[in-house]
Each structure stands twice: as C-alpha cells, then as structure tokens.
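Notes follow once the structure below has been shown.
Laboratory data are not the source of any read-out in this text; all were calculated from the coordinates shown. Predicted model only: the values in this text are computed from it and were never measured. Methodologically, a virtual Cβ is constructed for each residue, glycine included, from the backbone with ideal geometry; neighbour enumeration extends over all protein chains shown.
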Amino acid sequence: MDETFGNYSILGKAIPRVDARAKVTGQAKYAADIEVANMLWGQINRSPYAHARILNIDTSKAEALPGVKAVTTGKDFGGFKWGWSGPTRDEEPLAVEKVRYQYEGVAAVAAVDEDTAQEACDLIEVDYEPLPGVFTPSEAMQEGAPLVHDDRPGNICVEYHWNFGDVDKAFAESYLVREDTFQTPRMAKGYLEPPAVVAYWPDPERIVYIGAKGSPYFPYRILAKCFDLPLSNVRIITPIIGSDFGGTKNDMTPADFSAVMLAKKTGRPVKFVTSQFDALTTDLRRHPMWITVKTGVTKDGILKATSLKAVADGGAYTRISPLTMFLVGTCQTLPYKLPNFKYDAYNYFTNNPSSAAMRGHGLYHSRFAADVQLDMIAEELGLDPVEIRLKNSIENPKPGEIYETVNDVHVATCGVQECIEKVAEAVNWKARKGQKKVEGDTAYGMGFAAATYNSGTKLSAHNACAAIVRVCEDGSVNYLTGATDVGQGSDTIMSAIVAEVLGIRLEDIDLKRVDSAFTPVDPGSYGSRVTVHAGEAATKAAEDAKSQLLEVAAQQFGVKPGDVDIKDKKVFVKSSPERNMAWERLVRIACYETPGKVIIGRGYSTQGISMYGLADFSKGVGDIGTNYSFTAQASEVEVDVETGVVKCTDNNVIAHDCGFPLNTQAVETQVQGGSYHQGISAAVYEEFKMDSGQTLNPNLVDYKRPRAYEAPMTQVIHVITNDPYGPFGAKEASEGSCCSAPPSIVSAIHDATGVWIKDLPAQPEKVFWALKKKREKGQK
Amino acid sequence: MIAAFEYFAPKTVREALSLLAKYKEEAKIIAGGQSMLVVMKQRLLTPEYLIDLKGITDLDYIKYDEGKGLRIGALTIHRAIEKSPVIQKHFGVLSEMEGNLATIQTRNWGTIGGNICHGDPAGDPAPVLIALKAKLKLASSAGERIVEAEEFSKDYLEVALEPNEMLTEIQVPTPPAHTGTAYEKLMVMKGDMSIIGAAVSITLDSKGGCGDARIALSNAASVPLRAKKAEKLLIGKTINNGLLTKAGEVASTEATPPADVHGSIEYRREMVKVFVKRVAQLALERAKAA
Ligand SMILES: Cc1cc2nc3c(=O)[nH]c(=O)nc-3n(C[C@H](O)[C@H](O)[C@H](O)COP(=O)(O)OP(=O)(O)OC[C@H]3O[C@@H](n4cnc5c(N)ncnc54)[C@H](O)[C@@H]3O)c2cc1C
C-alpha cells in the first residue's frame, strides 16, 4: 500500500449518518406514513389453503358493501406473469387458477378505510378444490408427488452439477474423509417495517408508485410491463426504508400490483400496509437447506477436496432461487485453498411460502456447514481450530497479482490470514486451552470460524450504477443517485464520497433518494453491491463536476487545470497554496462569469462490467463478485447444561477485511448488529415452525428474535487490504461477517459441552436432548 | 379486525358492578388489555359490551401491614409491583417474578388482576401467589367473597368468576418465620412466557427440617399446578440435594404439560425436574437466611 493511502479528509473515519437526525426525531417518512388526498385503503383476500384449485371467485357481496370502491382479482392482469428472469416468470400478481402456498393473494379490495376493506375481503367468496401438497424437499422429490407447477416435473426448481479438478481421486488420496449433513432453517428477514405502498395514476398514461422497496427499479421495470407503459411513464419514489435484508422488499408483493390496479380502476390513490401477521406468513424467507459436505484432508489437515450437496426448499415460486443455489456453491473455494470441488444443487418447489435472498445470501448455508466440519476434522486430527484455518487460508495476493480458484473466482485482496491471527490474539486463544470451563450448571466454550462474501455482485442483466452531481450556484450540492439506503448507511457513504472528491464538507451535500422521474436507473440494493458500484459512480460523477470547476479555477489563476486542486472548501494552486479562493466564490464565478455555466457531473460504474466477465450459473465458473470480503470470528457461549439454553456473550471478536472502511463507525455497527446479532439469531433463536404449509409461530412472541437483552456486543477489528476494484479500496462490509457467526457459535457449543449441533438453530430442547444422549452414552 | 362493541368506562367499583349485573355474559371487562385485545383481535371473544376498568383509580394500590399482610388492588400494574419498595422488602419473590414478566411496555399496561383473571396456566403471578397462600377478593353487586388463589383457576383460560363478578383485591399473608420463597421459569429470551416455571415456598421448623412446603408450577397443566406429592416428600424431612432431585422427579409425574413450538411434553417434564430442584434449592437458602 502506498503511503498516502487512507489519508482522507472525510473517508476512513467515523462519519455520522446523514439520516440519523430525521430518524431519531421521527421526521423520517416511511411508506406507511405517506398520506395523499382522496386516498383509499386496500386489503388482500388470501387463500386459507396451501394448495388448491380456484374454482370460482364471487366478489359481488364485497362490491355491494358501502364504502367499497373497487375489487380486483388475478384475471384483471390478463395473464401477466413475473419473476426474477425470463425463464422463471412463474408467478401471477394474484393467483388465478391455483394457489400454491397458504395465504397467497387471490383478490384485493379498495375501500374508504382499512376496516371496510377488510370486511369486504371477508365477503369475497372463493370456491376452492383443496389439493394434496408437498411441504418438504423430501416429499417434493418422491415419484408421483403432487406437482406445485404442472409444467415443472419432479418439482425441481433449480438443479446444478459442477465438477472441478478430480474429487474422487483426491478423496482416495486423502488421509481422512468425513461426510456430514447440516441443516439451516426457514427464517424471517427481520425488517421492522413491513412492506407498504401508495400508488396512483396522475393521468391515464402514468403511474406513481411510492413504496418500501430496497431496489426501486425492480417495480419500475415490472410495473411498466404489467401495465404496458413505457418506462418513462412509471415513476417510482422511494421514502425512507425501515431495513430490508433481502427478499420481499426487493421483489413485488400482491399488494404492490393490487395498489396500482385498484388505483387505475378507481382513479384514486390506493394504500396498502402489510400487517406483521401477513409479513410473517407470506413474505419471502431464507431457504431451509440440507447441506451434505464430504471433505478429504491430508494428515496435516490440508484440504484436498470437497463435495457439496445442497437440497433446498424453494417454496411455491422460483423467485431468486437460481442465484441462491449458485451462491451456495460458488464461494466454497474461499476463504480456504481448495484444489478439487464438486457441487450438486437441488432446489424443490413446495407448498410453502417462497424462499429468497437473505443477508449472507447462499454462502451462509455452505460456510456454516463447511466451517463446522473443519472443526470436526481438526478434532479428529488433533489439530487446533486456528491452526487448521491458518494452514488452509488463502494468502493475500501481492499488489497487481490475482488469486484464482479452481472454479475461476478471482481475488485481488484477501485479508483472511490477518483476520484469523488478529482474532486469535484478541481472545488470547492459546491461553484458553485447558482452562476450567464449567461453573455450576453452566458450561463455557469458545469457537472459531472464518468466512467470505462477494461484493459488488454482478448478474447477467443491467449492472452499472450511475450518479449525477449537481453543483448549485451558491456552492451547495445535490447528489442524485439510483441507489437506495435501506438502513445500511449508503446515503452517508455516497454523500461522503462526493464531498471527499469535491474537497468540500459532508453537510454541503444534499442527497436525493430515488425518484425514477429524475434519478438514474440502478440495479438495486442487494448482493453487497451498493458501496462498490454506486460508490464508483459517485466518485466519477464528483470527479466530472470537479474537473469542470478546476478548468474555471485554472483560468482564474492563469495556470493549467492540473495545477489546481480543492481541499477544505478552498481551491488553490498546488505549487503556491497561498494563491487560493473559497469554494463558493469559485462556483459563483463558474456559474455567473464564464458566463452561465451549469455544473453537472455525471458518472457510472464500470468495474462490475469489465472485470473477468460474468459468472456462468450452470457451469459454476466465474465471478459473481467484483471483489470479496473476508472475516474471522471467535465466539463464546454459555450453555445451561440442565436446560439446553445457549447464550452468547460479550466475549466475541470479529476481524473484518472490507478492503478499506470508508466509514469506520458504519462498518463497526453493521458488524455488531447486522453480523453478530443476526448471526446469533440464526445460530440460536430463529426458525419458522411449519405444519403442512401452515406457519405455527407467525408473531414476534413465538418467533424468537433477540432483543437488547439477548444481544451482547462484539469487538470489531478492521483489517485493511485496499482492494483495487472498489472505490477508495473498499469491498463489502458485514455480509461476510454474518456468515461466520453461526459456525463459530456451534463450535463454541461443542467446546463447552462436547456435542455438535448440526441443525440450526440451537434451541434449548434440541441442545437438551443432544446433551442427554451424550451423557447416557458416557454412562454405558 | 375487532368486532364492534359498546364501550363503558366506569369510574367506581360500584358503577362497574352494576354494569356487570346488567349485561352479564354479554359484557367483558378490559383492564390493561394486554391479553384481552389479543383475544378480541383473533375474534376468540366478541363481547357486545366492553367495561374498561382502567379509570377505577380506587383499585390501584399496594398496602402492607405486618399483621394483615399485603393487599394489592386488582388494577395495580405489573411494573408498580416490580418497583414497589414495600414488596421488594417483604415479598421479594413477587418483585423478581414481575421483573421477568413480559416486556416493560406490557408491564406498564397490564394489571395483576387482569393477569390472574385471564387464567393462562403459563402466567407467572398465579403460581407465586399460590406458593404464598394468597387469597383473592371477588365482588359483585350482591356482595363480596374470598377465594384461595389456588382454587381460582378452573381450566385453560377459565377462572372461578361469575358473569356479574370482578376481582378487586389480592391478599397475601405474611409468611411464617424462616420461610423462603422463589420463582424461576425457563425462558429463551428475557420476559418470555414460561415454557415451564416453578414457585416454591419452604418454611423451616425449629430443628432446621422442612416444616412446610408449597410447590406451584406454571405451564405444567391446564391450570397453575400445585405439586402436592412433591410437597409431601419434603415436609418433615431434612432437605438435601438428593431429596430435591426426587421432589423434581415426583413433580414431573404430577405435571401434564402442553406441547407447542417451544417444547414437547417430554422436554417440559424434564424441565419440571430441573426447575423444582433449582427453585427449591433457592427457597431453602432463603429460608435459612430468613
Ligand atoms: C407480549 C406479551 C408477553 C407477555 N408475557 C407474559 C409473561 O411472561 N408472564 C405472564 O404472566 N403474562 C404475560 N403476558 C400476559 C399479560 O401480562 C397479562 O395477561 C396481562 O397483564 C393481563 O392484564 P391486563 O390488565 O392487560 O388484562 P386484560 O387483557 O385487560 O384482561 C385479561 C382478562 O382478565 C379479565 N379481567 C381483567 N381485569 C379483571 C378484573 N379486575 N376482574 C375480573 N376480570 C378481569 C378480562 O375480562 C380478560 O378476560 C404477556 C402479554 C403480552 C402481550
């Protein structure tokens, strides 16, 4: 790294969030807060059956109810189907012939208030012919099993078979080969703000849609197709978003389509706010997955080969499952060197609510399985968990060099070794050995894990982010971005990048959130892509504006544009800084004296497009990421050995290589809340329990999610690698560290008690029986 | 969506009782609404008339007198009991129990009377009150009567209240000397409803043996359950670890717990063993220290 690296005015420090004041004072407007004149309220009529043919829908009683202004059913959409990509368009806005999961939307009502709309929904009579369903992959894969989609034989949603190197030969040559099956549960995404939308038609040719969407250009494209309008006439406005974590807020819901359809029918704005019950029963969930890992190692614990089989419950519709299954496999060759790798993926349709992306998308499942198994291998070989990780982890490539995996994944920077070493040192790993670990009925244990995540995700569609920097004549700046801050802090980062490049203050930047009438098109907030791609666009747009201003400054000082620069709101001649003028004066001169320049900087990202092309899902080769983050984590748990209750403690350290932390505070809080707490949640607490397609715990009392009491803190260590493909050296932050928590916690439980919990979450009863079994075995 | 109802907000007990006398089965009381609103939203109850007691300030009190013991008005909120210095000093177990009852928000709205009258066998106050030999004062326009806390629950969400009656007061006698009482429950997260809970009260005799014992379990049957066989095992003996383990095993055979997403019947039975043993141990230590 060169010596000037990291020496910035604003970036690389703790930057206060630009949206903090509005949020804590309650001034921030979320979708559910939006009220417009003449507005109607909508409600959805949902199917009580998980699988049934729709024989007839009678809406007459609902329409006759006073206060009801319109009713819509799936037929109104004229056969329109949508989905993640062309071949996967298998879902209708409202079910027409068949419902495929419980509470799937069948009809919708707009009425003068919410209660009337609900009452009208209850008056809609739907005749169903209940059908036998499939509720687990093992049921779905049986011969002769009922089909979720009549045109999808075997209920197969996604299937991949990849093979790199020669795993069979490597297994034959291995000293030890282990095969274990792990299980990850169905989880809620965990946004506090359920989806909400207000839609209206300002004229018969134009839609305005204001909704809680993390990727607002999804509805932009989908609604244009659905209502057969040019994109120019679809206006998507994004209010403040109350978090996302992947899935539903990227995608469409029946309420999104119904709001627009009912607004069209009534000529009035229509609002839907999803209830917590509807969100917990119908919103997209993290895929339940069964992951079988077979791994061969040498006597010294060097990885020779891994064969991975993942079986997933995709739920009723395809949604983003092809990407999920790709992600489960692709990064298996990181963060450890793996010369031979085989992957078999099966994702089945079932009559459960659809599964989709969630933080740590895909990698979370396979990293959990493989990292826990690595500890099992270490135990068998008598190796230390830190030692086996250090031995196998990928070294940081020298500047200019690239590490290439067996499946053609390219890594320019990799701080995993440094992460492992720093964590081991911070928790005093060596000294822990042989320490007393039991106090009364409480056993203490510590576990270790390492992980990776792809950042700047690029898919086989539109990938670039774009930005516009508009310098106002008084020196203030509007920043127009297509990227959406869903809570991760991107509005702050984008503003900070623009201010840094222009040489002005953070407060001078006024960021305009997405309004597709004015802001540039953008893929969306998913796949840890915003900082990398939108950050590059921000840099370029700011540089463009700056170069226009430097030209004016050079004229004023009678030098060349390359001889002047701007810092701390002063433009100056580099060779004699006493020749300078204030930023505001420069802007005023540019706008008034030249005469009348309009300073608009533009930029779009290219790193995600140019580097190594795109990944091939069916073959499993290539980069999904523009660059890759790395993490190591040590977690301590306390286990009540009599009850099976597991608690995570403050004795936790996460070292994270996000390239360069643009906002140290944001990285730390994301790692604490978004990684450690969400990781604890996945490891110990959260799971939807199901019975034949019915969710048994659709409320936040029975669906356990830790609150402040159960959320200990973690120490965060920054490991800086300065990646060449990210803005200012940055890579993604905290999705990777979300993947290291579950394996480190499960290994900690083993360290404390000697039992391996291979099936998440480690809820008390599960741990209790495992402990009892072990005790009984010990007595025999 | 809640079904329509007519709403009354009486200011006095007498007013409330005359409304109850008038509408009987068609009326329901609402206090803090923490349970009632859930039940109404789910349409498990659709009362024609709703009588809101929150305005009856006369029933919001905590009084203590060494001779008469503790008196708590039915409309006292959980948080007030948790924070009451008098309760902390003389009936610490009640305050401890309240500290793990739901969230602060719920404790700030929910009342002790509403909790008991809701009749949820997983509720925390009832087993503690049973262990403390508490009594309940019920009132109707015809007069008042006193029932043992232990006799109050009849079945799952069913209590011994006539349609024209309401609960007005909880009476807790001052325990005899050398008594220790404790309550703990199995929670996954702080403030969870009990997966299994145990309240144990132990009174030591002059020789340090167990003069009296009461064991009451939460979420171990369709009502708060007194584990009488387990109590019998302890009374008259010198308590040691082996005896407490046995008491837990016996209590476990008395329990008929439910199964739900938080635990199977078998697991809950195992947890009865653990919690009876643990809580009795704590009660014993307290009795020794008292
Ligand atoms: C999220 C959550 C978590 C909870 N966790 C716990 C927990 O951990 N432990 C626990 O014990 N409880 C728990 N509860 C239950 C709750 O604390 C009590 O049930 C609640 O306090 C009841 O009091 P209330 O004043 O709100 O009663 P309401 O809901 O108003 O009434 C409950 C019932 O009692 C009747 N009623 C109320 N007052 C009287 C009266 N004076 N006379 C006659 N009938 C009356 C009503 O008609 C109704 O049937 C929880 C509740 C929630 C919402």
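I'd like the Karplus ³J(HN,Hα) series for segment A:81-96: coefficients 6.51, -1.76, 1.60, θ = phi - 60°, whole numbers in Hz, and an x wherever there's a Gly or Pro.
Per-residue couplings from phi come out as 10, 9, x, 5, 9, x, x, 10, 7, 10, 10, 9, x, 9, 4, 9 Hz.
For segment A:656-671 and segment B:212-290, what is the separation of their C-alpha centers, rounded to whole Å?
Computed from Cα coordinates, the inter-centre distance equals 50 Å.
Evaluate the charge dipole of chain A about its Cα centre and quote only its size in Debye, nearest 20, assuming +1 on the Cβ of each Lys and Arg and -1 on the Cβ of each Asp and Glu.
Numbers: 82 positive and 99 negative charges, 123 e Å.
Dipole about the Cα centre, nearest 20: 600 debye.
Projecting each Cα onto the charge dipole of segment B:57-172 (Lys/Arg +1, Asp/Glu -1 at the beta carbon, about the Cα centre), which of B:Pro163, B:Ser84, B:Gly113 comes out farthest on the positive side?
Final value for the positive-end residue is B:Ser84.
With a sphere of radius 10 Å drawn around the Cβ of A:Arg46, what net charge do the other residues whose Cβ falls strictly inside it have (Lys, Arg +1; Asp, Glu -1)?
Neighbour charge sum, excluding A:Arg46 itself: -2.
Over 23 Å, how big is the tail of the calculated P(r) for chain B, in percent of all Cα pairs? Kindly include the intermediate steps, with their values, before the conclusion.
Values: 22415 of 41905 pairs.
Every Cα pair in chain B considered, those over 23 Å come to 53 percent.
Based on the Cβ-Cβ distance of A:Phe5 and A:Arg152, what FRET efficiency does E = 1/(1 + (r/R0)^6) give at R0 = 51 Å, to the nearest 0.05? Display every interim value, and only then the final one.
Details: r = 52 Å, r/R0 = 1.02.
Using R0 = 51 Å, I get an efficiency of 0.45.
If you take all C-alpha pairs in segment B:57-172, what percent of them are over 18 Å apart?
46
Suppose R0 equals 35 Å. What FRET efficiency, 1/(1 + (r/R0)^6) with r the Cβ-Cβ distance, do A:Tyr709 and A:Asp115 give to the nearest 0.05?
0.45
Quick one: grab the alpha carbon gyration tensor of segment B:104-250, order the square roots of its eigenvalues as a ≥ b ≥ c, and give me rounded if a/c is under 1.5, else prolate or oblate depending on whether a/b is larger than b/c.
Taking the square roots of the gyration eigenvalues as a ≥ b ≥ c, segment B:104-250 is prolate.
Can you sort A:Met39, A:Met446 from fewest to most other Cβ atoms within 10 Å of each residue's own Cβ?
In order of increasing Cβ crowding within 10 Å: A:Met39, A:Met446.
What is the distance in Å between the Cα centres of segment A:348-365 and segment A:599-636?
So the separation of the two Cα centres works out to 21 Å.
Summing Lys, Arg as +1 and Asp, Glu as -1, what charge do residues with Cβ under 13 Å from the Cβ of A:Ser516 carry, A:Ser516 excluded?
Within the 13 Å Cβ shell, the charges total +4.
Around B:Ala3, what is the net charge, scoring Lys/Arg as +1 and Asp/Glu as -1 over all other residues with Cβ under 12 Å from its Cβ?
Working: positive: B:Lys28, B:Lys41, B:Arg43; negative: A:Asp115, A:Glu119, A:Asp122, B:Glu6, B:Glu48.
Computed value for this residue: -2.
Each label point is 7 Å from the Cα along the Cα-to-Cβ direction; what then is the distance between the points at A:Arg206 and A:Ala14, in nm?
It works out to 4.6 nm between the two label points.
What whole-number distance in Å separates the alpha-carbon centres of segment B:36-95 and segment A:226-280?
Each part reduced to its Cα centre gives a spacing of 44 Å.
Quick one: grab Rg to one decimal and Dmax as a whole number for segment B:181-289, Cα atoms only, in Å.
13.3, 46
Over the protein assembly as shown, what number does the Rg to Rh ratio reach, with both radii from the alpha-carbon atoms and Rh per Kirkwood?
On the way: Rg = 32.0 Å, Rh = 31.9 Å.
Result for the protein assembly as shown is an Rg/Rh of 1.00.
Mind checking which of B:Val261, B:Ser18, A:Pro66 is farthest towards the positive end of the protein assembly as shown's charge dipole, using Cβ charges of +1 (Lys, Arg) and -1 (Asp, Glu) about the Cα centre?
B:Ser18
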